[in-house]
Structure formats: structure tokens, C-alpha cells
2 protein chains.
Amino acid sequence: MNPITSQQLLDAQNWRYATKNFDPTRPIPDETWAALEQTLVLTPSSFGLQPYRFLVIDNKELRQKLLPHAWNQRQVVDAARFVVFAARTDVTAQEIDAYVQLVATTRDVSVDSLAGLRGMMAGMLLAEATKSFVPHWTARQAYIALGNLLTAAALLGVDASPMEGFVPAEFDRVLGLPAQGLTAVVCCALGYRAAGDKYATAPKVRFPVNELVNHV
Amino acid sequence: MNPITSQQLLDAQNWRYATKNFDPTRPIPDETWAALEQTLVLTPSSFGLQPYRFLVIDNKELRQKLLPHAWNQRQVVDAARFVVFAARTDVTAQEIDAYVQLVATTRDVSVDSLAGLRGMMAGMLLAEATKSFVPHWTARQAYIALGNLLTAAALLGVDASPMEGFVPAEFDRVLGLPAQGLTAVVCCALGYRAAGDKYATAPKVRFPVNELVNHV
């Protein structure tokens, strides 16, 4: 692995901003997009369970249907790509077993040897006492993917706009998510900034590092 | 901004893994660590509110105190750096006002011109109907920072281990977080992998891209 420099990282972090106006005529090259999809796939998650799906809304009519449920924010229809992060509303024993099977196959070990892992997951995700926390926990995992995607996009020179401003219940209905045991938790529009987006040059607003980062 | 290549991104994503065994003798160079702290600061958050603090546990005795509350996972004491992501348990009008003031100062606009932004934040974060969601929302923002940090670290060639396996109430108590209106939501150990960590070479377990990423 050939690391990048600290300066390259910081340049990308400072270059990115929550893009409000995308150039609707400029697509993301296929190779770049494939790397970003792979980035989503490679996101780490707790236990490795990946309790989410990423919906890439290619269908323009579907984007139009989502638009009013996202306060008519133009990123939904103007961005080259629009991703809905859908987290599991529940985790079932079946999903845990499917994942344990995947671990066994990928690493060429027996399912029996993974009984400890299975037990830990079942203990946390299937127990009555903790069940109400599960949808919050799956949403958190999806947000790791969001953070990963935003940073990866910036480093590739792709603009992005993370979006919480939408009505999850309406997105769920339009996309048929409840039948799949999923719910929309956050979205991300990706593409390239339009010339003249005033937010591109607005100074970043952050608390000072010694306020946000405390050494103890 | 000088983008990296897709291959550089994917190499880093494939190189990273949840490091279990850190080399306890190898520190992260100061310049690299400063860039990672700056990465945390530059993390995007909803409304830009940054409803979290990042605690870097430098004190070795404090790390020892945390260890039993993290199932004695050695990363807590062996990693060069150990970060606790602490999210706000509540958002107050005072915090919203402090942030609005920061926006006004940073962007040289009047506080009055930000009344719309202030109203949106107050409507979502101070209303009785949505108050119970606030700690989940602040935790989600902290997880964006986690995703950002993990990707940034990998690109700089720094190993990391995200950790949910700890007892938040005990971490909160040891670190005195409740008095600051904060709670530990996730941790991250960072440093360099020890030679012979068997997880470093274990194949990554991921569902196939066409299962995790759905085009609609």
C-alpha cells in the first residue's frame, strides 16, 4: 500500500463541501463510480454484518417522485448519482445465519467454529431487552458507510451532498423498502458542482480543533 | 485539488482491516496524527452543528481504567492512539446559539440573517415530539466522523480498529462525560499492526456488490 500525504488528505477534506448545485450534464465516469460502489461494499461494520443496502436511484422518474419528499432539494434530480442508505429495521436469525455462512465460505472455516461469533450477534441483536436498539444500531452502521463514501468521493474529486432532509416514511413507501425489512436513514447525492455554486467558496464553519478534540 | 486514482483508493480500502494486535512500541508521527485530528474536525455533520467531542486518551492509567470495560481488548492500551467518540445526549438552545454565532463570525454575516437556519435546528432538536430522537441523531453524526477517520487513516497507511465492544455507562463514568452532556458512542484505536496479526491476512468478508448495491 502506497499511502497518500497528509497534505493530499487535507486538501481533499477542505475541497469538499455539501454541494447544493450540481452540474446536471456531467456524469461520473464509470470506473470512478465502480470504485465508489466498491468503497461502500468495503465499509467496515460491527461484527461485519453489513445490515444495510445501498440503493442507487438511476430511474429519473423515480427521482422525480422522491423530490417532493426531500423538500424539493434539486440535488435529488440534478446530481449524477443519488444513493439512498437503507438500514435493516430488524435483524433476524436467518440474516445472522446467512452472514455466518458467508464468513465460513470466505475464510474456509466450519460454521461450527463460528459458534462464538454467532452467539455474540444473537445475544445482542435477537434478545428482547436490546431489540428496540437494533434499528438505531443498523442506522449507525449505515452512517459509517456515509462517512467512508464522502471521504472517498472527495479524494477522487467527486462532489457530494449528504442529505438528512427528507421524509423517511415517504421514501420508504416510494421505494418499497418496508417489504424488504429496510428503511431509508440518509441519502447522498454525488456528481460535480455547478459553476457558481456560492456554497463552494463559503468558509467552512467548524469549532476549533482544541474544542472538538480533547486530550485527556 | 489533485485527486488520487481509483486504484489508490481501493488499495487502501483493501489494505485496512479491524486491527486486533497493535505494535505497542510504534507511535504515529505527529504530522500524520495532526492531519487525522483535522480530519475529525472537518467531518460534515447535519446542519453543521458538530454535536460531539473526540476524546484522545493519552493518559496510560486512564486507558488501563477503561480496559476492563472494553472486554479487555488489548487495542485499548496497545494502540498508539485511542479515541472515544462522545456524542451530545441533548442539544440545548444555548448550543444552537453558539453555533449560529460561529457561522455568523466565520462567514461575516449577521446573526439575524441566520434566523431560518436557527429555526430549523430548534424545530428539530428542541421540540418535545422529537427530543427522544436527539441522542440517536447525535450518535449518527459521530459515526460519520468514524467513517471519515477510518478511510483517512487507511489512506495515510495508519491502522485502525473501530470498537463498539465496550460498556458506554462505564466509559462515561470513568471519563466524566455525563457532566459535559456527552456519552461515549463508539471508539477507535489507531496505530500500526503488530507483525503476525492473523487478521491482517484473513480474506475480507463482504456480501457481493450486486447484493449490497441495488440499482433501481
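The values are calculated or read from the model by the stated rules, or taken from the named source; none is laboratory data. All values derive from a computational prediction rather than experimental measurement. When we count neighbours, we look across all protein chains shown, and the Cβ atoms used for this are built from the backbone with ideal geometry, even at glycine. The accessibility values were calculated without ligands, DNA or RNA, using every heavy atom of the protein model including side chains. Shrake-Rupley method; radii C 1.70, N 1.55, O 1.52, S 1.80 Å.
Which condition breaks for residue B:135 when tested against (1) in contact with a Lys or Arg (Cβ under 9 Å, 6 or more places away or on another chain); (2) part of a loop (DSSP other than H, G, I, E, B); (3) not hydrophobic (A, V, I, L, M, F, W, C)? Unmet condition: (2). The set of residues from the range A:81-101 being more than 10 Å from chain B (Cβ to nearest Cβ), under 16 Å from the mean Cα position of the chain (by Cα) and open to solvent by less than 10 Å² (accessible area, probe 1.4 Å) comprises A:82, A:85, A:87.
Annotation note: of B:190, B:125, B:146, the sole residue that is more than 30 Å from residue B:9 (Cβ to Cβ) and surrounded by 22 or more Cβ atoms within 10 Å (Cβ to Cβ) is B:125.
Criterion applied to A:147, A:157 was being among the small types (Gly, Ala, Ser), facing chain B (nearest Cβ under 7 Å) and not in a helix (DSSP H, G or I), and the one residue passing it is A:157. Is at least one residue of the range A:185-202 touching a strand residue (DSSP E or B) at 6+ places or on another chain (Cβ under 7 Å), under 24 Å from residue B:16 (Cα atoms) and among the β-branched types (Val, Ile, Thr)? No, the conditions are met nowhere in the range A:185-202.
The set of residues in the range B:47-59 being within 7 Å of another protein chain (Cβ to nearest Cβ) and open to solvent by less than 20 Å² (accessible area, probe 1.4 Å) consists of B:48, B:50, B:54, B:55, B:56, B:57. Filtering the range A:173-207 to residues that are farther than 18 Å from residue A:74 by Cα and aromatic (Phe, Trp, Tyr) leaves only A:207.
If we scan the range A:111-121, do we find a residue that is within 30 Å of residue B:4 (Cα to Cα) and either in contact (Cβ under 8 Å) with a residue 40 or more places away in the chain or within 14 Å of the chain's Cα centre (by Cα) (or both)? Show your work before the answer.
Residues of the range A:111-121 within 30 Å of residue B:4 (Cα to Cα): none.
The answer is no; no qualifying residue exists.
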